[in-house]
Amino acid sequence: PRVDDLAWFNRSDVIDPFTKPHTALVDMKRERPTAPHPAIGSTTVEKIDLALKANKQVLCVYNKKGVSRRLACKDCDHDFPCRSCTSPMIAFEQMIACGRCGHKEALPTSCPSCRSTKIKPKGFGNRGIKTALQKLFETASIAIIEKDSEVINLNADILLVTSYYSEQIFDPFKKTNLGLIVQLDADLPLYQPTFRAAERTMIDLALWRGIAKNAGCQFVVQTQSAELIEKMANTPYEVHQNELAM
């Protein structure tokens with residue numbers, strides 16, 4: 001339910017899932033210093049390795065496109081906003097693109113603000129995550145599945161997906177070979193500029209958790225907000241009540 005619904009319905013009217021699939025939390029604050037990649041914890045690597053060795057597919061959820069989340073000038077911190085709608089531009093291999101209006105430009109070689117050539121990527125897009133996964137699992141086939149994918153390859157060993165998978169591809173009545181689902185960054189919705197950020201985070205958690213339950217596979221969540229995500233997973237009604245009070 002939405003948080004608002006708690007103002008209208010009693011606790012007895014709110015239906016919980018009959019069984020909650022086990023959720024393995026990976027605290028990235030603890031694992032990042034020794035992790036093989038800033039966005040992929042050691043525990044996650046171990047679980048992916050075990051799933052692949054069991055000849056199972058792995059579904060990695062990461063809702064950010066591109067090579068990195070954004071570009072920034074190292075000297076003046078100019079962040080290359082879209083010239084059409086001022087939204088952040090996503091960095092790809094040969095271009096930067098706006099996820100909001102679709103405006104595209106060639107990958108910049110210098111800063112338009114201070115003319116510096118020290119342009120650096122910040123954060124990771126799904127292309128960057130794919131490259132990291134390929135280095136960790138050299139023999140595994142990896143496919144990115146997103147809205148703009150020209151070819152949808154559902155047979156790869158590792159499927160790196162955005163929310164497009166749950167919205168358009170997932171079929172609850174079709175059997176899969178999934179052995180593991182990993183939510184690589186459960187915190188992403190928490191940074192949205194809306195008072196519904198926590199609610200959105202809970203919805204995403206419940207969604208991918210439900211898909212894991214449907215597939216009968218393990219579910220792993222990577223987060224830097226382990227205490228909050230653990231509460232969302234185990235006592236969602238209490239979290240909802242706190243959100244309603246706020």
Next item on the list: Let me have the relative contact order for the range 150-246, percent, based on Cα pairs under 8 Å that are six or more residues apart.
Entry: 30
Next item on the list: With 22 Å as the limit, write out which pairs from Lys29/Lys64; Lys65/Lys175; Lys56/Lys231; Lys64/Lys120; Lys147/Lys231 have Cα-Cα distances beyond it, or answer none.
Entry: Lys65/Lys175; Lys56/Lys231; Lys147/Lys231
Item checked: the chain: calculated mean residue ellipticity at 222 nm from DSSP helix runs of at least 4, using -39500 (n - 2.57) -> -8000 deg cm²/dmol
Note to self: Could you compute the net charge surrounding Ile144? Neighbours are other residues with a C-beta less than 10 Å from the C-beta of Ile144; K and R count +1, D and E count -1.
What the structure shows: +1
Checklist line | Percent accessible area from carbon and sulfur atoms, the chain, protein chains only, probe 1.4 Å | finding: 50
Note to self: Sequence gap at least 6, Cα distance under 8 Å: using those rules, report the relative contact order of the chain to the nearest whole percent.
What the structure shows: 26
Checklist line | For the chain, size of Cβ-based charge dipole, Lys and Arg +1, Asp and Glu -1, in debye | finding: 640
Checklist line | Computed lengthening from Thr131 to Trp8, 0.36 nm per intervening residue step minus Cα-Cα distance | finding: 39.5 nm
Note to self: If you average the alpha carbon positions of the range 198-242 and of the range 1-64, how far apart do those two centres end up, in angstrom?
What the structure shows: 6
Check: Name the GluC sites (Glu not before Pro) in the range 146-231 that are in a loop by DSSP and that have at most 12 other C-beta atoms within 10 Å, would you?
Finding: Glu150
Checklist line | Kirkwood-Stokes translational diffusion coefficient of the chain, alpha-carbon pairs, 10 °C, 1.306 mPa s, µm²/s | finding: 81
Next item on the list: May I ask you to rank Val58, Val151 by accessible area, largest first, using a 1.4 Å probe over the protein chains only?
Entry: Val151, Val58
Margin query: Below 8 Å between Cα atoms, with a sequence gap of 6+, how large is the relative contact order for the range 121-161 in percent?
Written below: 37
Checklist line | Proximal charge balance of Ile169 [Cβ under 14 Å; K/R count +1, D/E count -1] | finding: -2
Checklist line | Volume in Å³ per residue [convex hull over Cα atoms, computed for the range 91-233] | finding: 165
Margin query: Rolling a 1.4 Å sphere over the protein heavy atoms, what is the accessible area per residue of the range 134-193, to the nearest Å²?
Written below: 59
Item checked: Between helix 197-215 and the chain: long-axis angle, C-alpha atoms, 0 to 90°, nearest 10 -> 70
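The values are calculated or read from the model by the stated rules, or taken from the named source; none is laboratory data. Just so it is clear, the structure is predicted and the values come from calculations on it, not from any experiment. Here the Cβ is made from the backbone with ideal geometry for all residues, glycine too, and neighbour counts use every protein chain on show. Ligands, DNA and RNA are excluded from the accessible area calculation, which covers all protein heavy atoms including side chains. Shrake-Rupley method; radii C 1.70, N 1.55, O 1.52, S 1.80 Å.
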